[in-house]
């Protein structure tokens with residue numbers, strides 16, 4: 001049984017692949033790419049069918065962050081010409097969220113720049129959650145406010161938050177290369193606080209910052225260990241005015257391999273194609289839907305995404321359907337323990353997807369071999385830098401969003 005047959009069978013059993021197997025996915029060749037997508041797609045369909053969950057970002061406070069994360073346009077010392085504004089009022093945030101919900105989003109992600117919230121900030125966000133849910137009681141609300149102090153996660157949960165986002169971003173071994181004002185351990189602590197308070201843990205990564213294949217595998221295995229229910233996979237948007245402005249390490253093929261590796265390591269977890277998909281996947285975005293089961297609709301925090309209607313058309317044209325508000329995202333075995341821990345890495349639980357957990361190897365592929373997929377020479381020169389557009393619409397502006 002070759003690599004892809006093995007990974008497919010393990011994914012259908014929810015069994016953790018080995019590190020070597022995960023690394024091998026990132027080392028496949030372009031000739032094998034469609035086989036990789038097909039194998040990851042079979043695992044995705046087992047646990048999530050053909051549903052695509054839509055999420056919508058509301059940037060409640062933009063810019064002027066005291067942290068020095070190298071990738072971020074809102075960082076300390078950033079010269080990026082992004083929107084800068086203080087806290088939106090609850091009714092303003094609720095109005096912004098309504099645009100995404102009208103476009104089919106079932107989760108609203110309330111985000112604010114900064115190291116972490118004060119007690120007053122928690123009160124503001126609690127009021128905003130109430131305003132959002134008053135307009136649509138079925139909406140899921142995820143909050144992203146930075147590092148949490150003791151009891152803040154519990155307060156957010158009591159206010160009606162369903163999830164908390166705090167990404168690990170990269171491996172523990174290289175975290176000091178992208179930020180010095182906080183540590184990898186600080187981030188892990190916040191994810192644990194959120195999960196311990198009964199919030200669904202949303203934590204992911206950023207690819208394309210110069211990390212190695214080993215770093216990517218390390219951070220995804222760490223996310224699996226933390227029991228993240230949702231794993232956003234961001235692809236670096238090299239904003240002018242940040243230390244990583246000229247960092248163009250990704251190709252569309254590389255992005256698909258990364259998504260596939262995440263799916264094999266986290267077979268029954270919501271894998272979300274997050275920031276940078278338009279810039280790096282480009283015309284291969286529909287192939288990404290065969291691996292991931294979740295995307296952001298419309299714009300991001302400080303950059304513009306493609307039009308919301310284009311996202312909806314892409315989903316339909318690729319043969320997928322938008323997940324409804326009354327449909328559970330997670331498989332039953334995960335939904336039963338959401339907020340209380342993860343299922344672990346073993347394969348002992350019975351599958352509960354729509355399809356039968358058939359471990360037949362009908363997605364056989366050629367033997368996987370080849371050198372590590374490095375961005376080809378000149379990739380930076382060929383990158384579509386024209387796709388990096390600063391957000392000038394939506395939350396914090398007088399212009400309508402593109403959802």
Quick check, is residue 132 farther than 23 Å from residue 64 by Cα and out of contact with any helix residue (DSSP H, G or I) (no Cβ under 7 Å at 6 or more places or on another chain)? no
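Within segment 43-56, can you find the residues that are assigned to a helix (DSSP H, G or I) and out of contact with any helix residue (DSSP H, G or I) (no Cβ under 7 Å at 6 or more places or on another chain)? Before the answer, list the steps.
Start the filter on segment 43-56 by keeping residues that are assigned to a helix (DSSP H, G or I), which leaves 43-48.
Scanning segment 43-56 gives 45, 47, 48.
Consider residue 71 carefully, then state whether it is crowded, with 18+ Cβ neighbours inside 10 Å and touching a helix residue (DSSP H, G or I) at 6+ places or on another chain (Cβ under 9 Å).
Numbers: crowded, with 18+ Cβ neighbours inside 10 Å: yes; touching a helix residue (DSSP H, G or I) at 6+ places or on another chain (Cβ under 9 Å): no.
The answer is no for residue 71.
Are any residues in segment 229-243 modelled with pLDDT under 95, within 20 Å of the chain's Cα centre (by Cα) and either over 14 Å from residue 278 (Cα atoms) or surrounded by fewer than 17 Cβ atoms within 10 Å (Cβ to Cβ) (or both), and if so, which ones? Before you say what the answer is, go through the steps one by one.
Restricting attention to segment 229-243, the residues satisfying the condition of being modelled with pLDDT under 95 are 237-243.
From what's left, within 20 Å of the chain's Cα centre (by Cα): 237-239.
Within segment 229-243, 239 is the sole residue that qualifies.
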Kindly list the number of the only condition in (1) under 27 Å from residue 23 (Cβ atoms); (2) assigned to a helix (DSSP H, G or I); (3) over 17 Å from the mean Cα position of the chain (by Cα) that fails for residue 211. (2)
Can you tell me which residues in segment 142-185 are over 20 Å from the mean Cα position of the chain (by Cα) and not in a helix (DSSP H, G or I)? 149, 150, 151, 159, 160, 180, 181, 182, 183
Can you list the strands (runs of 3 or more DSSP E) lying wholly within segment 221-327 that have 3 or more residues being within 20 Å of residue 47 (Cβ to Cβ)? 230-235, 270-273
For residue 226, state whether it is surrounded by fewer than 22 Cβ atoms within 10 Å (Cβ to Cβ) and modelled with pLDDT under 95. no
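Counting just the residues of segment 1-15 that are in a loop (DSSP other than H, G, I, E, B) and at pLDDT 95 or above, which one comes out surrounded by the fewest Cβ atoms within 10 Å (Cβ to Cβ)? Walk me through how you get there before you give the answer.
Taking segment 1-15 as the starting set, the residues that turn out to be in a loop (DSSP other than H, G, I, E, B) are 1-2, 13-15.
Next, from what is left, pick out any that are at pLDDT 95 or above: 13-15.
Details: 13: 18, 14: 27, 15: 16.
Ranking the qualifying residues of segment 1-15, first place goes to 15.
Looking at 105, 94, 98, 40 in this structure, which one is under 21 Å from residue 324 (Cα atoms), part of a helix (DSSP H, G or I) and touching a residue at least 40 places away in the same chain (Cβ under 8 Å)?
Values: 105 fails: part of a helix (DSSP H, G or I); 98 fails: touching a residue at least 40 places away in the same chain (Cβ under 8 Å); 40 fails: under 21 Å from residue 324 (Cα atoms).
None of the other options fit; the residue is 94.
The values are calculated or read from the model by the stated rules, or taken from the named source; none is laboratory data. What you see is a predicted model, and the numbers here were worked out from it, not measured in a lab. Because the Cβ atoms are built from the backbone with ideal geometry, glycine has one as well, and the counts that use them run over all protein chains shown.
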